[in-house]
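Structure record follows, encoded as structure tokens.
The numbers here are math on the coordinates, done by the rules we state, and not lab data. What you are looking at is a predicted structure, and each value in this text was computed from that prediction instead of being measured. Note that each Cβ is placed from the backbone with ideal geometry, even for glycine, and that neighbours are counted across all protein chains shown.
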Amino acid sequence: MQLAETASERVLADEVRAFLSRARLRSEDLPRELDDRMVALRSWQAACYEAGFVGRAWPSEFGGGGRPPAEQIIVDQELAAAGAPEFVNVVGLDVLGPSLLRFGTDDQRRRYIPPILRAEEIWCQGFSEPEAGSDLASLRTLAVQDGDTYVINGQKTWVSWGQYATFCGLLARTDDSVPRHRGISMLLVDMSSPGVEVRPMTQITGHAEFSELFLDDVAVPRANLLGQLGDGWKIAMHTLGHERGTAALPRQVKLRTWLDRAVSVAAHRELDGRRVLEDPEAQTALARALIGVEVLRHHAYRTVGEFLSGGAVGPESSSVKLLMAEAEQRLAATVLDVLGPTLLSGAPDETAENDFWYETYLYSRAASVYGGARQIQRDIIADRILSLPKE
Amino acid sequence: MDLELSDEQVWIEESLGTLLDREWPPAQDAWQAGAPERTRLWESLVEFGLLSGAGSDLGAIELCLAARAVGAHLASVPLLGGVGVRYALAPFAAELPAAFGAILESDSRVSIALLEPGGSWSVSSTHATVESNRLTGSKAAVEHAADVDYLAVVTLADGEPGLALVRTGTKGLELAPQPVLDESVPLSRATFVEAEAEALVDRELAETIIERLIAVGGLLAAAEAVGAGAGIFERARRYASERRQFGRTIGSNQALRHLMADLHVRQASGWSTTLFAAATLDDRMSGARETVSVAKAYVSRAAREVAHGSMQVFGGIAFTEEHPAHRFLRRIIAREQQFGDAVHHERELGRSLARAATRERVAV
Ligand SMILES: Cc1cc2nc3c(=O)[nH]c(=O)nc-3n(C[C@H](O)[C@H](O)[C@H](O)COP(=O)(O)OP(=O)(O)OC[C@H]3O[C@@H](n4cnc5c(N)ncnc54)[C@H](O)[C@@H]3O)c2cc1C
């Protein structure tokens, strides 16, 4: 174990900084309107890809950088530290991409991986259904084989970025006669296929970042089956392992920039004639939030850092996921505590900053639901790590 | 950046486990161990090479592996001082006064004397002073003082910290055992009246070494608490799979399953942050001090949570003297208290966040 940056890692960090001094997009400079924002974010990811900063640890034969996983961590850190926004194709990069790399045929990987990296094709994840949330294996969307195609009927929900997606990694039941986990397959669905209807849903933040997805006799070529027929559950567990574990690596960097931003706001705002940050209680509260973020980083490095290049993440990703939700929620709630009545002063020049913290706070409530609710992560740990008897 | 334990580190971890299984009674009987067992264990740790002096390639990571094994076995040896002082001194071997250098070359046992009666763990609350090689002052919570050859004493004069070595038999030094929560980690008050001492006079060097000493001391304490946490948690996990009530094993109730899942997260992440902080010390990275504070603050709370939760899993049986649960709990609290508890380190971190932000504001 060794943390100090090697010479080549230092060179890389400098490279990222040099890139940022030429081309720079800060989260706060993004257009407010979601459609415009998507356009800006896609070209940002494309520029970062051209510079070698996206999929750096992915295999080079499919457009990745073929470099050690540690380099992607360094890149993420430098980008986030400069206030750059997260890559827009997060579902492609952190969730489905690793599964395409692992289970896809060479044809599939050549076809799908490069446009994911360049944000030319946005991906979404069609797992959850109205009646199948935590109990994902009870999903009912059906795919029936008809010659060289599967015909899909059913409904998906909470599909993040569904309305912007070109492709969906979709779980469907392909066999009713076997135990439920074994009758599920993963299909790569072209979102422009006839019979696909996407209805955006507005979230508590006011943004429509997820959608309902209706599938009515949607024909999907057999070549778009990922892995073998009936492998869907296995692939979904791999996908979710990355969503719960590997995704923490860029996320913790983001959280750290929020923490630094909160400290800086507290250093500028005044309450009863003194700087908020002079209050020892505010300092300690922020320190506790910092500890949450730092421990997330340390734990994620130790448990999932090595899986950035696509390997299978084990059940320890559930402990990362629990820490990630805890760190994010504590940080967001702490900022409300620390800024306190300054949030209500009505000062026009503080509105944008207050909005940011309100939105961050609201969004943080999802952290213990998406990717598998907190209670489900605990069940996974109880079963697979602690081997406790089942109910 | 390389985030996995090396093969050699894994080997050290396994060998130390075997060594402790062999040389030390099982954790539930460990409280009965006396001076002969302690001496024997200490000697085999020395033989294993845990003290290898100047030029040693034992880093904080390896030492934390040892401390964790000691905690899991509820072993009782002057490890913190013994390896902590050497770790702090080793990189500066060439610049050290003779007596300090000699420590690195010997097997002598050392304890750290930092805290003072009525004071906090901040070096700034030190009053002990050295003048022409005579040390005066008093210290509290000195571990294993009766079993060691030297005390490494933190001093302060005109706001400048120093480090002094005092032989335990020296005239002018009096040791008085203190009442303690964990009897397997005996603590003493030490009173020095012009006791003969060898002082580290180079201020800058002293400051660097003390900072390193306090950091590694806190980390070793954290690692030991993680070990003790693993000891009690593993027992609770097994108990939950065996004990039956309402016609089913208690561990099949989701309330306990989820409680234990949370405890597992605390255990696993407590170890991650300890190792990470150890690596920042070994690599002498900037911000190492803050990272150590993160680890010590986190593990202090986490290990306590693990002990409390595990005791809840045991129910009434864990409240008997005979059951080992309280021995682990006691060790965990004892390690939480050494080198600053959670509140101490959270305040330190909070102040350092504020200092950094103020500097930035001035710079803008
Ligand atoms: C912002 C956001 C983005 C999302 N993006 C996507 C996406 O892109 N693609 C996708 O497929 N899904 C997505 N999801 C869906 C997410 O995976 C589900 O919301 C989640 O799995 C929980 O399912 P549910 O909402 O149906 O809640 P339910 O399963 O109904 O759970 C409700 C509550 O009951 C608890 N519960 C359920 N079962 C148990 C049990 N056995 N023991 C104890 N407690 C239990 C849960 O923990 C939860 O607290 C997203 C969700 C959010 C909030």
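Values for this structure:
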| read-out | value |
| --- | --- |
| Principal-axis tilt of helix A:106-117 within chain A, Cα atoms, nearest 10 degrees | 30 degrees |
| Chain B: DSSP helices with Cα axial extent of at least 27 Å and average Kyte-Doolittle hydropathy no lower than 0.0 | B:203-242, B:254-282, B:288-314 |
| Under DSSP loop assignment and at most 16 Cβ neighbours within 10 Å, longest trypsin sites (Lys or Arg not before Pro)-free interval of chain A | A:141-389 |
| Relative contact order of chain A, defined on C-alpha pairs under 8 angstrom at six or more residues apart (%) | 13 percent |
| Nearest 10 degrees, 0 to 90: helix A:280-304 Cα axis against chain A principal axis | 30 degrees |
| Bridge type composition, the protein assembly as shown - antiparallel percent by DSSP, nearest 5 | 85 percent |
| Total formal charge among the other residues, if their Cβ is under 9 angstrom from that of B:ARG257, Lys/Arg +1 and Asp/Glu -1 | -1 |
| Computed magnitude of the charge dipole of the protein assembly as shown (debye, nearest 20; Cβ of K, R +1, Cβ of D, E -1) | 1240 debye |
| The stretch A:22-98-the stretch A:318-372 distance, computed between alpha-carbon centres (Å) | 23 Å |
| Listed residue pairs exceeding 21 Å between alpha carbons, taken from A:LYS254/A:LYS321; A:LYS156/A:LYS390; A:LYS234/A:LYS254; A:LYS234/A:LYS321 | A:LYS156/A:LYS390; A:LYS234/A:LYS254 |
| Among A:LEU271, A:LEU336, A:LEU213: highest mean-square fluctuation, GNM of chain A, C-alpha pairs under 10 Å | A:LEU271 |
| Isotropic mean projected area of the C-alpha convex hull, the stretch B:222-350 (nm²) | 8.2 nm² |
| Helical mean residue ellipticity (222 nm; -39500 (n - 2.57) per DSSP H run of 4+; nearest 500) of chain B | -18500 deg cm²/dmol |
| Summed side-chain charge close to A:SER317 - residues other than A:SER317 whose Cβ falls under 9 Å, Lys, Arg +1, Asp, Glu -1 | 0 |
| Relative contact order computed over the stretch B:106-201 (Cα-Cα under 8 Å; 6+ residues apart), in percent | 31 percent |
| Student exercise, the stretch A:343-391 dipole from Lys, Arg, Asp, Glu Cβ charges, in Debye to nearest 20 | 520 debye |
| Along chain B, longest interval not containing exposed GluC sites (Glu not before Pro), exposed being DSSP loop plus at most 12 other Cβ atoms within 10 Å | B:1-320 |
| Mean separation of Cα contacts under 8 Å, 6 or more apart, over the residue count of the stretch A:7-88: relative contact order % | 38 percent |
| Helix A:69-81 axis, angle to chain A major axis (alpha carbon atoms, nearest 10°) | 50 degrees |
| Global size of the stretch A:123-229 as Cα Rg and Dmax, reported in angstrom | 13.3, 45 |
| Local electrostatic count, B:ARG212, Cβ distance below 12 Å [Lys/Arg +1, Asp/Glu -1] | 0 |
